[in-house]
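Below you'll find the structure I mean.
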Amino acid sequence: SKPNVWQGERIFCGQILTSTQDILFSEYIGGNNLLVSYGNFFGYNFEDAIVLNKKIIYSQLFTSLHFKVYEIIFNSLNKFSFEISTINLPKKSFYSKRNLDFFGIIKEGSKVLNNDILVSKIFITNINISLLPLYNLIYILFGKEIKNIKDKSILVSFGNSGRIVKTELFSYSSKIKSYLGYYLKCRVYICKQRLLSVGDKLCGRYGNKGIIAYILPSNDLPYTNTGIIPDIISDSLGIPS
């Protein structure tokens with residue numbers, strides 16, 4: 001997007017501040033114009049099916065960006081039971097923590113795949129050593145309190161792989177913490193670029209639509225006497241439907 005205002009300008013309520021790539025000469029562009037050929041192509045474009053020229057994918061006319069936002073909260077029940085984020089995650093390999101910073105939070109610009117760690121969160125609970133004799137013996141020998149650590153790391157869900165574009169941390173005061181129930185919140189933004197593929201739907205300006213059934217390179221598509229190659233091939237039966 002590009003700004004429509006400059007530094008020092010006085011703005012008013014309802015004024016447009018920025019314009020995206022979908023706006024050209026103050027007019028909204030709802031898509032791209034393609035060269036359509038109507039006819040049968042070996043049955044691949046039967047009824048609502050569409051045969052697509054692979055050149056459209058290379059030119060990225062219909063490439064879209066999808067964002068997934070993860071919000072992770074850190075609870076603090078009391079001074080003996082709380083949640084923290086740390087890089088020293090137990091029972092995790094170095095490879096699984098390759099994109100984490102010192103605090104156990106994913107770095108901006110990292111490429112994440114399915115089941116990668118976004119935030120290494122652990123839940124720590126102090127155990128009363130007076131309850132079990134074994135814990136009391138360990139405390140006498142080593143002089144350390146026994147803590148129960150539970151791994152509650154946040155992983156990338158299936159199908160949401162992409163690139164980390166931004167991470168945010170929000171800390172709250174004691175008064176707000178008692179109201180919300182947590183003292184820290186982390187927000188992670190994942191952006192994924194999706195290209196046009198088989199199964200996607202294309203729609204015309206008059207409501208006619210179809211499903212991409214086959215993608216072919218330009219040299220395998222029919223052409224006119226002047227050498228013009230169509231962008232998509234649609235069956236004439238799909239127009240009234």
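How about segment 1-25: which of its residues are within 29 Å of Ile232 (Cβ to Cβ), without any contact (Cβ under 8 Å) to a residue 12 or more places away in the chain and part of a loop (DSSP other than H, G, I, E, B)?
Asp22, Phe25
Further, regarding this structure: Would you mind finding the one in Ser76, Ser81 that is over 29 Å from the mean Cα position of the chain (by Cα), assigned by TED's automatic domain parsing to the domain that holds Glu168 and of a type in the set (Ser, Thr, Tyr)?
Numbers: Ser76 fails: over 29 Å from the mean Cα position of the chain (by Cα).
Result of the check over Ser76, Ser81: Ser81.
Please go through segment 91-113 and give me each residue that is in a strand (DSSP E or B) and in contact (Cβ under 8 Å) with a residue 24 or more places away in the chain, ordered by number. Full working, then the answer.
To start, the set of residues in segment 91-113 that are in a strand (DSSP E or B) comprises 100, 105-106, 111-112.
Scanning segment 91-113 gives Ile105, Ile106, Lys111, Val112.
Here is a yes/no grid of residues against (1) assigned by TED's automatic domain parsing to the domain that holds Gly159; (2) within 30 Å of Ala213 (Cβ to Cβ):
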residue	(1), (2)
Pro3	no, no
Asp22	no, yes
Ser37	no, yes
Gly43	no, yes
Tyr58	no, yes
Glu71	yes, no
Thr86	yes, no
Ile105	yes, no
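Just name the residue that is surrounded by the fewest Cβ atoms within 10 Å (Cβ to Cβ) out of those in segment 76-93 that are polar (S, T, N, Q) and closer than 18 Å to Val188 by Cβ.
Here is the first cut: in segment 76-93, the ones polar (S, T, N, Q) are 76, 78, 81, 85-86, 88, 93.
With closer than 18 Å to Val188 by Cβ added as a condition, the list becomes 85-86.
Values: Ser85: 22, Thr86: 16.
My answer is Thr86.
Which of the residues belonging to segment 196-226 are closer than 20 Å to Ser59 by Cα and polar (S, T, N, Q)? Lay out the reasoning, then the answer.
Initially, segment 196-226 is screened for residues closer than 20 Å to Ser59 by Cα, giving 196-204, 211-223.
Residues satisfying the conditions are Ser197, Ser218, Asn219.
The values are calculated or read from the model by the stated rules, or taken from the named source; none is laboratory data. Bear in mind that the values here come from a model prediction, so they are computed numbers and not experimental data. Cβ coordinates were reconstructed from backbone atoms using ideal geometry, including for glycine residues, and neighbour counts include every protein chain displayed.
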